[in-house]
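Notes for the one structure printed next.
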Amino acid sequence: MIRRLSPPLIVFAILVYLFLLGPLVIVIGAALSDTTYLTFPPQGLSLRWFEKIFEMSAFRRTIVTSLQIAFASTTLALLIGIPAAYALNRYRIVLPSWLSTLFVLPVLVPEIVLGFSLLRSVQVGAGVPVLIALLLGHTLIVLPYCVRVISASLASFDFSIEEAAISLGSPPAKTFFTIVLPNVRSGVIAAFILAFITSINDVSVSLFLTGPGISTLPIQILAHVEQFFDPVVASVSVLLMLLTVAVMVVVERTLGLTFLAK
Amino acid sequence: MTATAPLSLANLTAHYGATKVLDDLSLEVGAGELVSLLGASGCGKTTTLRLIAGFLAPTRGSIRLGDTDLTALPAHKRNIGLVFQNYALFPHLSVLDNVAFGLKQRGIATSEREARARRMLDRVGLSALADRLPGALSGGQRQRVALARALVIEPPLLMFDEPLSNLDAKLRIDMRVEIRQLQRANGTTSVFVTHDQEEAFSISDRVAIMDAGRIRQLDTPEVLYQRPANAFVARFVGFENLIDLRVTARDGARVTAEGAGGATVTLDQDQLGAIPDRFVLATRPDGLRVATGETGLPCTLGLRTYLGRAYHYQAETPVGPVTASGPLSQPLEPGGTAWLAPDPEQCCILPPEPA
């Protein structure tokens, strides 16, 4: 069935896309500018601001830190989130309903509040080193995504499949790895990606927890903009965007993006 | 070929939280016998099955299979073949790997387990689909795979949890016959849970009719259908008319009994067996005949429905509303007066229901 789209709808759709994509186009343009200040449209084309990123040790260091924190916090959140999501779904009837809300709490509390309270309690209060505090903070903010996404996967998992495996002689723990996990694999991968991107892009919590000598990329961008107004920030932003796009492409190739929308 | 064993449940009581779902249930299933647990949802039939499988722990009581006490044994060590309502196949494994799964857990080498799984798939007529994923199969095929997967481990006990409920009517009957044939051929002790009376009666050696966590009657389908032991079972198997009566006179084998409103019925103990002073007369609609002969229970006829072999009438009597039947040759008009005579061949005498 072919339906004709009404002209106002087409105009509206174009406006929405412009609103979504416009800023990205401007950032990419600014990053490629040959000038020493941020400008759009770009004047002259150059990749020198991309080279500049890697010449500045602060950016090199914070890119590495951001990747480390993102990997570590996502892994940690999955280690907590997978068993939590499993228990919340498997024992839904006997568990109190507020328990599942508990795991979403970190996204409901304003991140500024979360960052500040982590600074007070973990860093200042307990004297935890900066890197560990960052790791804990990020784990906390990405955990809700892990629990939610994996829960959604498990909600459509038929637990009688698990019982069938057990009745055929597979011990419960082994059954979890050979039967349950392979069937929520797409959920686990989606959770990993969402969590990873959330961690890489986080500003609010990191702002409170970064300390002398240790910072993450978004915080470094912020600090840089405060002092300089050169296209380096734009090129770093493009780099961050490319990283996100790369992750999405990997997902699209392995699973198809549609499942993220489920 | 299979080492089969009798199943024995003794005084099983189970709770979900504070709710008692199984109340002192005892059941013996002989070696090679197929016993159905039949009842409405919430009667405890699935709970019983889950207790035997080891997915639930009883509050009290014991479960024995042959010489083995299963009560405290973890579910994965019980060696019971289970067939689920929704098939419960492993979606990420091929049909062959699904069937071979149980053998793999038993440490059987790849080549042998594949050979055995293929033989079993052959028996259920699915060898051509061995490499497919379960998602590519129809409902009937999936249930055959599930059956093969449960049978291939040669369990001493097979259990079915409403295995045919998700299939369409025609397939349900075919599968029912197939399950029974395979079960007979293997001689495996079996427990079959269903809410479908026809299914239970057609497939079972004996049927346990359950209600509120207890077995109300356990017997062969023939006995249950013709001689229910109590009002609950009688209603369950279609004795729609239950009439409370009290004996007023005995004359040899002939007994005159009176019900509410002073209505009297005369019954013959030679045909119906001993009749106690207070009893319930149970009949199906076909066992309560409408006549114009002015003997029996007087009634006012209500709605008439045509059933092909007879007419059924909703009738008002002094003892309450009943459903009766009349011959096709003589349709009677609603609103008229008639008399109802119980057909002793299709009646039974039950103890009075506790108030």
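Every number in this text was worked out from the coordinates using simple rules, so none of it is lab data. If you're wondering where the values come from, they're calculated on a predicted model, not measured in any experiment. Don't worry about glycine lacking a Cβ; one is built from the backbone with ideal geometry, like all the others, and counts go over all protein chains shown.
For A:Gln43 and A:Ala246, FRET efficiency with R0 = 25 Å and r from the beta-carbon atoms, rounded to 0.05? The calculated FRET efficiency here is 0.30.
Averaged across B:74-81, how many Cβ atoms of other chains sit within 10 Å of each residue's Cβ atom?
That average works out to 4.
Legend: P(r) of the range A:52-104 from all alpha carbon pair distances, 5 Å bins from 0, whole percents, reading 4, 17, 16, 13, 10, 9, 8, 7, 7, 4, 3, 0.
Using the alpha-carbon positions of the range A:56-261, Rg (one decimal) and Dmax (whole number) come out as 19.3, 66 Å. Here the extension length gained between B:Asp205 and B:Ala185 equals 5.8 nm, from 0.36 nm per residue of separation less the Cα-Cα distance.
Computed extension length for B:Glu333-B:Lys77: 85.6 nm, one decimal, from 0.36 nm per residue of separation with the Cα-Cα distance subtracted.
Within the listed set B:Glu222, B:Glu199, B:Glu154, the Gaussian network model of chain B (springs between alpha-carbon atoms below 10 Å) gives the highest mean-square fluctuation for B:Glu222.
Straight Cα distances below 20 angstrom link B:Lys104 to the lysines A:Lys174, B:Lys77, with same-chain residues fewer than 8 positions distant left out.
In units of the rule-of-thumb radius 2.2 N^0.38 Å, the range A:79-186 shows an alpha carbon radius of gyration of 1.32.
If the elastic network links every pair of Cα atoms under 10 Å, which of B:Pro285, B:Pro344, B:Pro91 fluctuates the most in the Gaussian network model of chain B? Sorting by GNM fluctuation, first place goes to B:Pro91. Cβ crowding within 10 Å ranks B:Asp268, B:Asp67, B:Asp161 as B:Asp67, B:Asp268, B:Asp161, fewest other Cβ atoms first.
Counting other Cβ atoms within 10 Å, keep those with at most 11, restrict to DSSP loop, and tell me which chymotrypsin sites (Phe, Trp or Tyr not before Pro) in the range B:124-226 are left.
none
Can you list the residues, at least 5 places off or on another chain, whose amide H is less than 5 Å from the amide H of B:Val83, using H built in the peptide plane? The list, which skips near neighbours in sequence, is B:Met159, B:Phe160, B:Asp161.
Computing Rg and the Kirkwood Rh from the Cα coordinates of chain B gives a ratio, Rg/Rh, of 1.09. Across peptide A:169-180, the average count of Cβ atoms from other chains found within 10 Å of a residue's Cβ is 4.
Counting other Cβ atoms within 10 Å of each Cβ, which trypsin sites (Lys or Arg not before Pro) in the range B:25-111 have at most 16 and sit in a DSSP loop?
When the trypsin sites (Lys or Arg not before Pro) of the range B:25-111 are filtered for loop state and at most 16 Cβ neighbours within 10 Å, B:Arg106 remain.
Work out the FRET efficiency for A:Ser117 and A:Ala87 from their Cβ-Cβ distance, taking R0 = 22 Å, and round it to the nearest 0.05. Using R0 = 22 Å, I get an efficiency of 0.25. Each other residue within a Cβ distance under 13 Å of B:Leu103 adds +1 if Lys or Arg and -1 if Asp or Glu, for a net charge of +3. The Rg/Rh ratio of the range A:2-141, with both radii computed over alpha carbons and Rh defined as the Kirkwood radius, is 1.14. In percent, what relative contact order does chain B have, based on Cα pairs under 8 Å that are 6 or more apart in sequence? Relative contact order of chain B: 16 percent. When Rg and Dmax are taken over the Cα atoms of the range B:238-350, they come to 13.5, 40 Å.
Ratio of Rg to Rh for the range A:155-262: 1.19 [Cα atoms; Kirkwood radius as inverse mean 1/r over pairs].
Under the simplified labelling scheme, the B:Asp122-A:Leu18 pair shows an inter-label distance of 7.2 nm, with each label point 7 Å from Cα along Cα→Cβ. Using the Cβ-Cβ distance between B:Glu353 and B:Asp67 with R0 set to 41 Å, the FRET efficiency works out to roughly 0.50. Rg ratio for the range B:63-132: its Cα radius of gyration over 2.2 N^0.38 Å, N being its residue count, equals 1.28. GNM on chain B, alpha-carbon springs under 10 angstrom: the most fluctuating residue among B:Gly238, B:Gly187, B:Gly335 is B:Gly335. What is the sum of charges, Lys and Arg at +1 and Asp and Glu at -1, for the other residues whose Cβ falls under 14 Å from the Cβ of B:His312? Here the count lands on +2. Translational diffusion coefficient of the range B:4-116 (Stokes-Einstein, Kirkwood radius from Cα pairs, 25 °C, 0.890 mPa s): 154 µm²/s.
Given Cα pairs under 8 Å that are at least 6 residues apart, what percent is the relative contact order of the range A:56-261? For the range A:56-261, the relative contact order is 32 percent.
Stretching the chain fully between A:Arg185 and A:Val130 yields a gain of 16.5 nm (0.36 nm per residue, less the alpha carbon separation). Relative to its residue count, the protein assembly as shown spans a Cα convex hull of 278 Å³ per residue. Taken over the Cα atoms of the range B:144-239, the convex hull encloses 109 Å³ per residue.
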